[in-house]
Structures are given as C-alpha cells and as structure tokens.
Amino acid sequence: MNTARTGLLLAALTGLFLGVGYLVAGPSGMVIAFILALAMNAFAYWNADKLVLGMYGARPVDESSAPELVRIVRQLADNAGLPMPKVYLIENRQPNAFATGRNPEHAAIAATTGLTQLLSSQEIAGVLAHELAHIKNRDTLTMTLTAAIAGAISMLAHFAMFFGRDRRNSSGANFLGTILLVILAPLAAAIVQMAISRGREYEADRIGATISGRPLWLASALGKIDHSAREVLNPVAEANPATAHLFIINPLHGAGMDNLFSTHPSTENRIARLKAMAGAA
C-alpha cells in the first residue's frame, strides 16, 4: 500500500511540476520539466534523506559522542525488530525529531539538542519509538520524497512569477494563470503533505507506544514538545516549510490546529489517544 501511495504521490507532484513548466515556457517548458522531474524523482529517491539531514545541519553520533541517545535507539530498534538506524543530532533549541530514509535498512533518526535537553530519558524513548514506528511502517520514503519534491515545486512556482510565458505580449490571461499557479502549486503540495501526515502520526503514536511499552512516555513528551515548539523558533524549518511534516510536532509557529491546513493532528487529540491506550492496557 505504501508503495502505491508513493507512486501516486510522485505522479501528482510531477504533474504539478509539469504545470509550472508549461506556464514558464509553454509546451517546450513542459517537456523540459518532465525530463527534470524524472531526474529529480530518481535523485530524490536515493538522496532525499541526505538532503534533509544536510539542510538541518544534522551530525552523526555514536556510542562515544552520544551514548545515552544511541543506547535508547538500539534498545527500541531491538524491541521493534528493526535494523539499527543511523542516529543524528541537530543543534537546535526547539525540541523535535524526525526519521528519514528510503527503507528500514537505510534509515536515520535525527533529534534536536533541545529535545535531549528538555525531556527525560523515558520521554526521549517515547519520541524515538514513534520515529521507529515511521520506519517500521515505511512512511519515511513517502514523507522524505514529499519534502524534497514539494520544496522544488514551490521554488519553481515562484520562478514562474518572473518568467511567465509571453506575459508582456499576452492579453493578461496567461500572467493571471501564472500568478494563480504561484499560489496554488505550493498549496496543492502542502495539501498532499497534510494528507500523508495526519493519519500516519496517529498510527506512529500507536505503534511507537507498543514498541516502548509505555504510551504515557510519549504522551508526556508530546505535551512538553508542543509547548516549547510554540515558543522556540526553528529558523531552518520556517525557511523550508515543505519539511514540516517530517517532525513529530509541527515546527512552524502558528500552525497546530487539527484542521485541513495543519501538517499534524492536534497534540491534545494525540495525547488523549495515548492516555486511552494506557488506560486500556
């Protein structure tokens, strides 16, 4: 199922890419965009995780540089029956974390220094178990590809504002179409991000709680992360909103509502579900 969804996602985002190409340079622009889209999709499949990690300045850590963090990941990976993922730290005061990689054999987990400083070891375990659930569900390929391709579409759509086909000599309809696409292409890409994120976050919470064995660890962590993320800015995420859906809590300011235009379910709903799990156990 995830393979089919990934294929549909790539097709949808590629279609948007072609639309931007058409408005930039007509049919020839669409052909060029198609070639670029194929190359971009192939590159993103193999390298999107490296691009995202590099974007956030993530540095790899091991038992000698971050022994407690790596120990927790190793224990949880054993619990989940997963290969040991690579572990990264991001120098950022905002507590947050994400998983990336095209499959469980090529996966990575990145946590911010703010997360390791704010949370207890048990709460960190709850968060890392959630990220391992994304790896176990093979969500990371779709989520990482979306971040890379949606970001590229948003950038290309903005180029269309300045390089719209024959805008000086047209009746104005083409230029209006260009302006609309500048607005709608990033919005459409964002809607795709929301569609893949919200349900998967609930499922990753559920499976992550099973991996750690303690739903309340994650519930407590989510409350602390959400509160702090509202107060501490994540400049890289603000500059690259197409990556917001990767994180366990939305890193962008002013976006936490459980509605169409959020990349995550509301934290209150997630905590309520986890507490219900703990009560039913």
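For every residue, the table says whether it meets (1) touching a Pro at 6+ places or on another chain (Cβ under 7 Å); (2) of a type in the set (Asp, Glu); (3) surrounded by 14 or more Cβ atoms within 10 Å (Cβ to Cβ).
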{"residue": "Leu8", "(1), (2), (3)": "no, no, no"}
{"residue": "Asn41", "(1), (2), (3)": "no, no, yes"}
{"residue": "Leu53", "(1), (2), (3)": "no, no, yes"}
{"residue": "Ser64", "(1), (2), (3)": "no, no, no"}
{"residue": "Leu76", "(1), (2), (3)": "no, no, yes"}
{"residue": "Pro85", "(1), (2), (3)": "no, no, yes"}
{"residue": "Ala99", "(1), (2), (3)": "no, no, yes"}
{"residue": "Pro104", "(1), (2), (3)": "yes, no, yes"}
{"residue": "Ile109", "(1), (2), (3)": "yes, no, yes"}
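Please work out which residue is farthest from the chain's Cα centre (by Cα), limiting yourself to the stretch 87-144 and to residues that are within 21 Å of Gly223 (Cβ to Cβ) and acidic (Asp, Glu).
The residue in question is Glu123.
If the Cβ limit is 7 Å and pairs must be 6+ apart or interchain, which residue in the stretch 63-76 that is closer than 18 Å to Gly126 by Cα pairs with which residue that is part of a loop (DSSP other than H, G, I, E, B) and at pLDDT below 95?
Within 7 Å, no pair qualifies.
Which one is nearest to the chain's Cα centre (by Cα) among residues in the stretch 230-240 that are part of a helix (DSSP H, G or I) and closer than 18 Å to Ala58 by Cβ?
Result: Ala237.
If Ile90 meets every condition in (1) buried (at least 17 other Cβ atoms within 10 Å of the Cβ); (2) among the β-branched types (Val, Ile, Thr); (3) without any contact (Cβ under 8 Å) to a residue 24 or more places away in the chain apart from one, which number is that one?
Unmet condition: (3).
Residue check, Ile211 against (1) more than 25 Å from Arg71 (Cβ to Cβ); (2) modelled with pLDDT of 90 or more; (3) over 20 Å from the mean Cα position of the chain (by Cα), all met but one. Which one?
Only one criterion in (1) more than 25 Å from Arg71 (Cβ to Cβ); (2) modelled with pLDDT of 90 or more; (3) over 20 Å from the mean Cα position of the chain (by Cα) is unmet by Ile211, namely (1).
Matching residues to (1) surrounded by 14 or more Cβ atoms within 10 Å (Cβ to Cβ); (2) modelled with pLDDT of 65 or more; (3) small (Gly, Ala, Ser):
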position	(1), (2), (3)
Asp166	no, no, no
Asn169	no, no, no
Gly172	no, no, yes
Gly199	no, yes, yes
Asp205	yes, yes, no
Pro241	yes, yes, no
Pro265	yes, yes, no
Arg270	yes, yes, no
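The values are calculated or read from the model by the stated rules, or taken from the named source; none is laboratory data. All values reported here derive from a predicted model rather than from experimental measurement. Reconstructed Cβ throughout: ideal geometry from the backbone, glycine too, with neighbour counts over all protein chains shown.
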